[in-house]
Amino acid sequence: MEKQGRWNVAHVLEKRKLLIAINCIAALSIFFFGYDQGMMGGVNNARNYIDLMGFGYVDPVTGDPIVTNSLLQGGIVSVYYLGTLFGCLLGGWVGDKVGRIKTIALGSVWAIVGASLQCSAQNHDWMICARAVNGIGTGILNAIVPVWATETSEHTSRGQFIAIEFTLNIFGVVVAYWLEFGLSYINGGRSAIRWRFPIAFQIIPLLILLSAVWFFPESPRWLVKAGRHEEARYILGRLRGETGDDEGKAEAEFQDIKNIVQLESETSQKNSYFHMLFSIGSGKLHTGRRVQLVIWLQILQEWVGIAGVTIYAPTIFRIAGFDSQKSQWISGLNNIFYMFSTLICVFTLDRIGRRWTLYWGAVGQGIAMFLAGGMARGGLNAKAAGDDSAAAAYGAAAAAFVYIFTFVFGATWLTVPWLYPAEIFPLEVRAKGNAWGVVGWSIGNGWLTLLCPVMFNAIGEKTLYIFGASNFITLPMVWALYPESNQRTLEEMDLLFAADTPWVWDAEKHFAKLTEQHPELVSAARKGSSVVDPESGVGDIYESLRRSPEPNTRALTAVHGMPPNY
């Protein structure tokens, strides 16, 4: 395995230990992603930064930042998401061309350059360009890291590993918040170190990621696609095991991957982003439908209310009667609460599935949004009437519902919109498919970063009602349009999306029909069962095709629109 390198950890670790090691490295990227998002909240409150960028000033009496040019302030923040939009498209294209490992290294280098430019910025033009460069690096990493983690994990535990990584994502937010909170005490918060050091700090995990990723195995699925079968088979053997009860797992999965790669390459010859978006030339693979699903799932993730809570939470805490310093403490504790809530997803996501996770999350978040808005209005009315004790009580209740919303979001909607795109696309375009999910995230985040301040200025706490309603709107959308991917192998996804209509009931009915009429296709995968059975189906059909071409040619035509050429 010379191409994998003599120092590759796959030569030393195997099975769960190797999977944990891979996900630890992937978690570095996710940590950076969370840190980078959380960092700008504190940076925007730094006196030196505000003066240097020229979008406002700090009140000499209260110490609160006063923004005089909200468009400039919002533009500096939101241009990052424009960068992630272009970066994810670049990352998806490069990832399918040169592999997951090299693309992660590329994203790390790009993000390091962006962070270096940001921490040395001398004016707002410099900062805007630096934020865009940093966004491109983040977009590259966001497009490829979940794919790498998903392609190496077993189908019974994909959700668990991705959920653990997103605990590290929120840990990044927590580290950014408390680091900046501590730096605010240096020289009364007037020093440039308050914002330059937090920006520079993100370079540390990026350097570790860049140095370490070369010692980790490439995705076996990409290796098969690239024709490097011997390496792919070796890595699968290390990931799944080769002895005892594990004997046969790796070989069965390897054969499935080979057959799916051959089939996908023959049924979809047009794999550009344009062709994917409009499902041109994809036949029964229906890549255009999958693209729309992942884009809108990420946009919906922002509209369920997390962007609103991030912006409006300090206002709610002030309504509760907390002073500026206490509000910062409460916000910081809310982030810690948020981080621990993600651990719930680790234990539930692979048990109840993606759809039910989104269902209970939307219901809990929707109720919390409506109640937070109502209590905030009660507090404002009481304050206007001069009843400070009632205002404090209403404000405390509103703050509690902010905590509840954040807790439920961390346990549900935080993870699924990132996992689903990495699961449902054909191997031939999986990195590009995940990139489309990041496009949706960039659109949703950039959109609401600019829109939320306008909405809160215009209608105040009623904005939370809009977010609450959005949660309940997602319920019929998920029920009707998003098939369950839980406990299904990555190779089964082509069968799941083979139906000609977008409705979930048709997808499930068609999937059941195919597996009932042609049990040699794919057996239903269930947690705890041997991978030999559930993952050998596609391979079996190719064997039976050689023995009796006619019936299985019809089966493949039913699934993919055309038989393989032999």
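The values are calculated or read from the model by the stated rules, or taken from the named source; none is laboratory data. It should be emphasised that the depicted structure is a prediction, and the values quoted were computed from it without experimental measurement. Methodologically, a virtual Cβ is constructed for each residue, glycine included, from the backbone with ideal geometry; neighbour enumeration extends over all protein chains shown. Side chains are part of the model used for accessible areas, which takes the heavy atoms of the whole protein and leaves out ligands, DNA and RNA. Shrake-Rupley method; radii C 1.70, N 1.55, O 1.52, S 1.80 Å.
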With T = 25 °C, eta = 0.890 mPa s and Kirkwood Rh from C-alpha pairs, the Stokes-Einstein D of segment 144-286 in µm²/s is about 129 µm²/s
Rounded to the nearest 10 degrees, the helix 324-384 long axis (Cα) sits at an angle to the longest Cα principal axis of the chain of 10 degrees
If packing is taken as the average number of other Cβ atoms within 10 Å across a peptide's residues, how do 17-23, 143-149 rank, most packed first?
143-149, 17-23
Peptides ranked, highest mean first, by Cβ atoms within 10 Å: ranges 510-517, 437-444:
437-444, 510-517
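Rounded to the nearest 20 debye, what is the charge dipole size of segment 192-325 about its Cα centre when +1 sits on each Lys and Arg Cβ and -1 on each Asp and Glu Cβ?
On the way: 15 positive and 14 negative charges, 133 e Å.
Roughly 640 debye, rounded to the nearest 20.
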Going through K17/K102; K284/K432; K97/K270; K102/K258; K97/K432; K97/K249 one by one, the pairs whose alpha carbons sit over 20 Å apart turn out to be K17/K102; K102/K258; K97/K249
Mind running the shape call on segment 102-202? Use the C-alpha gyration tensor, a ≥ b ≥ c as the square roots of the eigenvalues: rounded below 1.5 for a/c, prolate if a/b tops b/c, oblate otherwise.
oblate
Quickly work out the W360-to-E242 label distance, labels modelled 7 Å from Cα along the C-beta direction, and quote it in nm with one decimal.
4.2 nm
Give me a comma-separated list of calculated 3J(HN,Hα) values for segment 68-75, in order, Karplus coefficients 6.51, -1.76, 1.60 applied at θ = phi - 60°, integers in Hz, x for any Gly or Pro.
9, 9, 5, 5, 5, 4, x, x
Taking N as the number of residues in segment 366-521, the ratio of its alpha carbon radius of gyration to 2.2 N^0.38 Å works out to 1.43
Alpha-carbon centroid distance for the pair segment 27-43 / segment 317-385, whole angstrom:
20 Å
Rounded to the nearest 500, what is the chain's calculated 222 nm mean residue ellipticity when only DSSP H runs of at least 4 contribute -39500 (n - 2.57) each, over all residues?
-25000 deg cm²/dmol
Semi-axes of the equivalent ellipsoid for the chain, Cα gyration tensor, largest first, Å:
44, 26, 20
Name the residue farthest towards the positive end of the dipole of the chain from the options W356, A385, G437, assuming +1 on Cβ of Lys and Arg, -1 on Cβ of Asp and Glu, about the Cα centre.
A385
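Give, rounded to the nearest 20 debye, the magnitude of the charge dipole that segment 73-191 has about its Cα centre when Lys and Arg contribute +1 at Cβ and Asp and Glu contribute -1 at Cβ.
Using Cβ point charges on Lys, Arg, Asp and Glu, segment 73-191 gives about 140 debye.
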Euclidean distance between Cα centres, segment 466-512 to segment 233-257, Å
30 Å
V58's amide H: which non-local residues (gap 5+, or another chain) put their own amide H closer than 5 Å, with H modeled 1.01 Å from N in plane and none for Pro or chain starts?
I66
Helix 15-43 sits off the longest principal axis of the Cα atoms of the chain, rounded to the nearest 10 on a 0 to 90 degree scale, by 30 degrees
Could you give the dipole magnitude of the chain about its Cα centre, charging the beta-carbon of Lys and Arg +1 and that of Asp and Glu -1, in debye to the nearest 20?
700 debye
Excluding ligands and nucleic acids, what accessible area in Å² is computed for M40 using a 1.4 Å probe, to the nearest 10?
10 Å²
Percentage relative contact order, the chain, counting C-alpha pairs under 8 Å, at least six apart
20 percent
Give the residue from G241, A368, V294 lying farthest towards the positive end of the charge dipole for segment 231-376; charges sit on Cβ (+1 for Lys and Arg, -1 for Asp and Glu) and the dipole is referred to the Cα centre.
A368
Cα gyration tensor, segment 89-150 - rounded (a/c under 1.5), prolate or oblate
prolate
Kindly express, to the nearest 10 degrees and within the range 0 to 90, the angle between helix 307-319's C-alpha long axis and the longest C-alpha principal axis of the chain.
30 degrees
Using a ≥ b ≥ c from the Cα gyration tensor of segment 1-112 (square roots of the eigenvalues), is it rounded, prolate or oblate, where a/c under 1.5 gives rounded and otherwise the larger of a/b and b/c decides, a/b for prolate?
prolate
